[in-house]
Structures are given as structure tokens and as C-alpha cells.
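Note sheet for the following structure.
The values are calculated or read from the model by the stated rules, or taken from the named source; none is laboratory data. Here the structure is a predicted model, which is why all the values come from computation and not from measurement. Every residue, glycine among them, receives a Cβ derived from its backbone with ideal geometry; neighbour counts consider all protein chains shown.
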Amino acid sequence: MLNTVRLLADAGCKIIVLCSSKGPFTEKLDYHKIPYIVTYIPEYRKLFERLLFRRHINRIASRLPEKGFDWIISNEMWWAPAAAALGKKTGSRSATFLRIFKTPEKLKKYDLENLDKVLCINPVMTEQVNNLQRGAGNAYDMFNPVSLPETDPESMEYWKEIINSWPDVRKTFLMVGSLFPLKNQTDAIKTLDLLQNHFKNRAGIVLAGNGDKSYIRQIKETARKLGLTDKILLPGYVEGVHEMLESVDYFLFPSLSEGGPRSVIEALLAGIPTFSYPLPGLEKIYGDYYPLFVSKKPKPKSLSSTVINALDDGNLDSYVSALQERVKTRFSEEKHLERLASMLEWR
């Protein structure tokens, strides 16, 4: 959301951000000199909050420095009812970004048809919103901007040293994401196990991210049972994953649910062969190369076969280069701003 707000501000739009509390996000708003108001925003999913919803909206409206805006936009469906209500109160049009994948049943609870536009970062989500019971037809594709910042040389050297000194590991996979069952790091380990013969038992994987302690124990137990304890690195949360991308050979993504798989896009931007379970929206990322990098089934055996087939293809490097150029264009800040301008009708 910060990138979207920053791009709009840099394009000359007057922006005011409503935040429920101060924290890292408001610090970044301060850095970019984007004004914000800290105020309580009602949670529509809670019954008591819904009963007092109008009172909360009136209170927020009274704190706004002006009474009319072109657009009031929320980030995610949780705040969409507040955006719609504030839009009606102030005579503004309203919209929301949907960035996290949710089932149609959950989407129905937030009255998305009351918004002028719903901007979805996943085309499957767009279709789901447009097929909701009232059929508002107000959802549109809106891809996130993704870019790789400049690498820090010291951090890059640190990770290269770690990877290069890893005993008995010559080919390295990377997976980035919270250590959580839906992210499915245990299947990444099972896939690695099925790939060991291909790599002569010299492949390892870095699982970067924080997570639940019980699931971390499950990850370690899976590795122990497969005899892969020394082939797994768990560095925790890593600031600046792009430095790690400079040091690994492949990216693995057996996640079971995603809105917009940003880490997949970042890996492709870095020119890393990136292999994934089938997920909604990946066809928009991979295009014609989808069958080469995305497994037919969300199973370790299918994913490992996809990796081996791609590695045996003599044109893999050219495919990866073509994908790198594809995501640079499709997920660029320029393309995001161009789409925003079209959706919000201000150009």
C-alpha cells in the first residue's frame, strides 16, 4: 500500500491517509512527507462495531480537513465498508484494494457492491467479486508494483559466504515467507528430498521467515525424518531478501494460498528460476511459460518433476531471461500508476 500511496503523491495527487495507530507504516509516511490522521477505524466484522458503525463514521468524517474527496480508498476488504460509508458521507467515490486472497463466502460479508470499484491484484479474485450474489460488476485487475532495491554489498557478501561455505551443498534453493502451514515449507523439504538424486545429494534450501514455534518444530521434524537436517537453513526474518537472491540458484514456492505472490515476482526480477505450486493468478505472471515452472498438482512429486524437467531443458536460461523482462514490465511502478490513473479516472 505504501508504494501505491507514494506513487500517487509523487504524481501530484493530494493524499491523506487514515491510520488506526502509529508504527512503521506512519514512520514511512513521515519519511515521504505524506500527511496522515491517526483515528480509530471500526471493524465491520465485529457485531458490536457494526452496531455503532454510523457513529464511528460520523466521528471520522468530523476530523477530516475537508468534506469532499475524489476517492476514498481502503486497503483490503476489512476496511471496505468504512470506505463506502465515508464516501457516502462526504460525497466521494469509494474503492478498495484486495491484496489477500479470500473465499467468496468471506468476500460477501463486506458488502463490496457498495463500493464504486474493487481493485484486485489477482484476476481470480476479480472474477469472484464480480460473481457475488448482487452482481455489482465493479471489480477490476490491479497488479501490485514490485521492484528490487539496490543491494547492500556488505549484506550480499555475507550471504554469499554463508551459502558458499555450506558443507556438502552445491546447489541452493530459497523459499521466502512466514513459517506457516499455508506457506507449506514442509512440502518444500519433501520436494528437496525428491530432488537429491538429481543433485547427487548436494542440494540445500534456505527457508527465510519468522513463524509459529509449533510449525517450526514440524519443519525441523520433517527434515530430520528425511535425513535433511544439514541441508536446511532457517535464518528467521531477513531484511533485504534481494541480497539472498544474488547467492542462490533456484527459488521454490509450494504455497497453498496467495493473493499476489510478491516473492515469486521478486525472484523472477532477480533472474532466478522460480518453481511453484499452482496458484490463482500465476498464469498472469508466467504467461506461456506457466507449464515449465508451475507444477500440475500441489504435491512434492509433481513439483520435483517440474524442476527436473526444466533443468533438463536446454533453453532454461533464455526462458528465465524472457520472464525477467516480462515481470519488469507488467509489475513496474509505471504500469501500476498508469492503471491507477485509468481506474481512478484522473488522467
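Tabulated data for the structure shown
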| read-out | value |
| --- | --- |
| Lone qualifier among Asn138, Asn131, Asn144 - being loosely packed, with under 14 Cβ neighbours inside 10 Å and under 21 Å from Ile100 (Cβ atoms) | Asn131 |
| Selected residue (criterion: modelled with the highest pLDDT) from residues of the stretch 108-130 that are touching a Gly at 6+ places or on another chain (Cβ under 9 Å), not aliphatic (A, V, I, L, M) and not in a helix (DSSP H, G or I) | Asp116 |
| Yes/no for Ile57 being under 23 Å from Lys88 (Cα atoms) and touching a helix residue (DSSP H, G or I) at 6+ places or on another chain (Cβ under 7 Å) | yes |
| Leading residue by the ranking (farthest from Thr172 (Cα to Cα)) among those in the stretch 306-317 that are over 26 Å from the mean Cα position of the chain (by Cα) and part of a helix (DSSP H, G or I) | Asn309 |
| Glu283 over 21 Å from the mean Cα position of the chain (by Cα), more than 27 Å from Asn164 (Cβ to Cβ) and assigned by TED's automatic domain parsing to the domain that holds Gly314 | no |
| Residues of the stretch 170-199 satisfying the condition of being in a loop (DSSP other than H, G, I, E, B), of a type in the set (S, T, N, Q) and modelled with pLDDT of 95 or more | Asn184, Gln196, Asn197 |
| Residue in the stretch 214-229 that is touching a Gly at 6+ places or on another chain (Cβ under 9 Å) and without any contact (Cβ under 8 Å) to a residue 40 or more places away in the chain present | yes |
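Residue-by-condition table, conditions (1) under 24 Å from Asn138 (Cα atoms); (2) of a type in the set (Lys, Arg):
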{"residue": "Arg6", "(1), (2)": "no, yes"}
{"residue": "Leu18", "(1), (2)": "yes, no"}
{"residue": "Phe25", "(1), (2)": "no, no"}
{"residue": "Ala80", "(1), (2)": "yes, no"}
